[in-house]
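First comes the structure, then the notes that go with it.
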Amino acid sequence: MGKSTVYFKGFKNNGILIHTFHTVHGTRLHHKGKAGFMKKVIVTVLANDRPGILASVTEAVFQEGGNLDQVSQTLLETQFAGLFIATLTKDISVEELQTKLRKILSPQGMDVLVKPIDEPDTIKNIPSEPFVITCFGPDRKGLVAEITAILARHQVNVTNLRAMFEGGNDPSRNLMVYEVDIPASADTAVLSEDLRTRAAELSLVINIQHRNIFESITRI
């Protein structure tokens, strides 16, 4: 029998539990308390990069009753791209929140999209192992599409991708780094062979390493 772990997330208001999570035998369950308006949303923000974007977005989300759970942002050339997951503590619809955030942030040159995050009652925990796949070689159209098609065919989930294409045949100027979760049920030998075969056809050098090994090597 697997280990049962209980987690609580949220707060109490006059003794009423607002939001809880608990995990039983590797399966996470989600329950709502009496305050049923508690919900999660993801806020996407795109803009020309400049100082102060994060400050403006996080302040606006806070003003509208959002409690930030996760934030991920990056720069692609001159463009800021940010993802903000927040739990709403106000009884406000997603449409209302989007309208209010756009009213605050659009005059500052930001494009805003808000979507709900629907958490199913049960989230299956699929056993997997983390790997890092690096590819480099001559630049050509469709490189990301070629590699991700193979990963999808083997049910491999890409959790992070960093890609830099500067053109030309210098391999150091064209690099892709995929962080992936490979299901325990996957045939890693077949996956590796499929990737290496296609990489050779594309004149790419490809390396596949368990994340622990990759991180150990890069620290040296």
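The values are calculated or read from the model by the stated rules, or taken from the named source; none is laboratory data. The structure displayed is predicted, hence computed values, not measured ones. Heads up, the Cβs are rebuilt from the backbone with ideal geometry, glycines too, and the neighbour counts pull from every protein chain shown.
Only a single criterion out of (1) touching a residue at least 60 places away in the same chain (Cβ under 8 Å); (2) out of contact with any His (no Cβ under 8 Å at 6 or more places or on another chain); (3) surrounded by 13 or more Cβ atoms within 10 Å (Cβ to Cβ) is not satisfied by Gln73, namely (1). Scanning the stretch 148-176 for residues that are more than 17 Å from Glu129 (Cβ to Cβ), out of contact with any helix residue (DSSP H, G or I) (no Cβ under 7 Å at 6 or more places or on another chain) and β-branched (Val, Ile, Thr) gives a single hit, Thr148.
Surrounded by 14 or more Cβ atoms within 10 Å (Cβ to Cβ), in contact with an Asp or Glu (Cβ under 6 Å, 6 or more places away or on another chain) and among the basic types (Lys, Arg), is that true of Arg211? No, not satisfied.
Going by the conditions given, is Asp111 surrounded by fewer than 14 Cβ atoms within 10 Å (Cβ to Cβ) and touching a residue at least 60 places away in the same chain (Cβ under 8 Å)? Walk me through it before giving the result.
Details: surrounded by fewer than 14 Cβ atoms within 10 Å (Cβ to Cβ): yes; touching a residue at least 60 places away in the same chain (Cβ under 8 Å): yes.
So Asp111 fits the description; yes.
Taking the criterion of being at pLDDT 95 or above and out of contact with any Lys or Arg (no Cβ under 8 Å at 6 or more places or on another chain), the residues of the stretch 110-120 that qualify are Met110, Asp111, Leu113, Val114, Lys115. Of all the listed residues (Ser185, Ser192), the sole one being at pLDDT 90 or above, outside any strand (DSSP E or B), surrounded by 12 or more Cβ atoms within 10 Å (Cβ to Cβ) and not assigned by TED's automatic domain parsing to the domain that holds Leu75 is Ser192.
If the condition is being part of a loop (DSSP other than H, G, I, E, B) and small (Gly, Ala, Ser), then the stretch 153-182 contributes Gly167, Gly168. Within the stretch 195-216, the set of residues being in a helix (DSSP H, G or I), within 15 Å of Ala145 (Cα to Cα) and among the aliphatic types (A, V, I, L, M) comprises Leu195, Ala199. Residues in the stretch 124-164 that are of a type in the set (A, V, I, L, M, F, W, C), at pLDDT below 90 and loosely packed, with under 13 Cβ neighbours inside 10 Å: 2 in all.
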